[in-house]
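J.: One structure coming up, written as structure tokens, with questions to follow.
The values are calculated or read from the model by the stated rules, or taken from the named source; none is laboratory data. None of the values given here were measured: they were computed from a predicted structure. Side chains included, ligands, DNA and RNA excluded: accessible areas come from the protein's heavy atoms. Shrake-Rupley method; radii C 1.70, N 1.55, O 1.52, S 1.80 Å.
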Amino acid sequence: MKKILAALASSVLILASATSQVLDKEQMKNTAWAGLGSPIDGDPVFYGFTDTFQARFDRGQFTIEGMLNWSFLANYDYKYDIDNFVFGTSNLNPLSIKYGVRPGANALGGNNTVSSEAQALNLGYDNRANVSNTIQDSYYVNFIYHPTKNVDLGVGTKLNWQVGPAPKYGSWLWEHDAHVRQGGFSTKYDDRSGSFQQTSAEGVGTYKFYVDRPGTADVVGFVPYANKYAKRAAGVRYISNDSLKLQIGAAIPNGFNTDDPAANFGAQFSPADWLSFAAALEGAFDDHANFYSGGTFGIKNFILDVYFAADSLFTSESKDQAYGTGAAISLTIPNTKIQIRPEAGINFFENTDYTPAIYAGGTLALGITKQLGFDLWSSLAFGSKDKNWKDNDATDGWGGGHVFDIRPELTFEVSQHSTFAGYFDYEHRKAFDGTKRSCWASGVFWTYIF
């Protein structure tokens, strides 16, 4: 049970993230899932299975780690009848499947669009924004060389070098505690790779963020926090082992080119055991550079995380610029197995026609017995609206919409190697035009550490 509660804690002071990549220590880990649910505005369906295998090996001065995500997912025809099952590597996970498996769609995530037959019959809701925001890498591979105890040289597709706290999904998208981020705002932002631009034929997305304007998706207002300065990149970092706990890092993102260069930088230090500060710049030397700053303050049972993001700093077009700030508190009630983590944020935009978007949420974790744990995630988000809508008869009365999400989960720790988790996730969305839609998903996770 102690392991379960520790996994639910959002942050500790502070170098758990500073010294890790995706896996924080040498191990082999497998996460399997099977589930069913009702995609947005659709009938209940059986989604299928996913399996994510991870491994990290430390040998002398080298660290090598990798992951492969494969799926065995159901394909449905436009009448919601199972047409077939398809097996293969996939960029989908239990959270994205809640939005993304619809009639006529490619179950493995290659084509998340509604079929023409489904559109003709008005079946399903083409919420590609949420699918993009929740897809994961189908694989990652990282190579890290440690020439000294304090220096890392790395190249990889998911280095995950980061500084400071930020809003997040839980652990990882494929983990049992994954939930919506920033209250579930719709956005096309692809968080996988942080690439500068497309390279060859790889559809890895870029770090460049363009504001999802009110009316482009049901409930908008998402702002990314660029605290991960090395994702798909080549980088170097220094981490001191003294009382200051200093981390300084730099990376060249995927897609760097000599005509239009860009680089990422991150720094973090702890002047005291209970205090740390961090800052990062993603895409330095580019107009669409993103700035991040954050801090952690706390003692054993009370930890406060605060963070700020400014995106597309130097663009001349104000519609591209967005800002966000928020905070989260991790509180463990003394002499109990109860932990709560409320969080809240507000996102606002350079374009003064767009109203701010706000969200609030939190997690409650409870140790029922030594092996059995219960946790509950819930959030509420209110989206941004365009003030100009009132000047148009067709759009007068439109608002920002809202999203409500609730996700209870039971976790059973069979042994130090094996954990089972069962959950139910319900989400209700009211779009800017007043249309209401909902979806739910339920499933079972089995996590085994070899």
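J.: Taking 1 over the mean of 1/r across every pair of different Cα atoms in region 146-281, what Kirkwood radius in Å do you get?
T.: Taking every pair of different Cα atoms in region 146-281, averaging 1/r and inverting gives 16.5 Å.
J.: Could I ask something else about it? May I ask for the distance between the Cα centers of region 360-401 and region 166-190, given as a whole number of Å?
T.: 13
J.: Continuing with this model, one more query. Let me make sure I get this right: for region 206-280, a, b and c are the square roots of the gyration tensor eigenvalues over alpha carbons, sorted descending. Under 1.5 in a/c it's rounded, otherwise prolate if a/b > b/c, else oblate. Which is it?
T.: Details: a/c = 4.06, a/b = 1.47, b/c = 2.75.
It comes out oblate by the Cα gyration axes.
J.: Okay, moving on. Take the alpha carbon gyration tensor of region 270-394, find the square roots of its eigenvalues, order them as a ≥ b ≥ c, and report rounded if a/c is under 1.5; if not, report prolate when a/b exceeds b/c, else oblate.
T.: oblate
J.: When all protein chains stay in place, what accessible area (Å², nearest 10, 1.4 Å probe) is found for residue 28?
T.: Roughly 70 Å² of residue 28 is accessible to a 1.4 Å probe.
J.: Checking the cross-link filter: which lysines have an alpha carbon closer than 25 Å to that of residue 188, excluding same-chain neighbours under 8 positions apart?
T.: Reachable lysines: 98, 158, 168, 208, 228, 231, 319, 385, 387, 430, 436.
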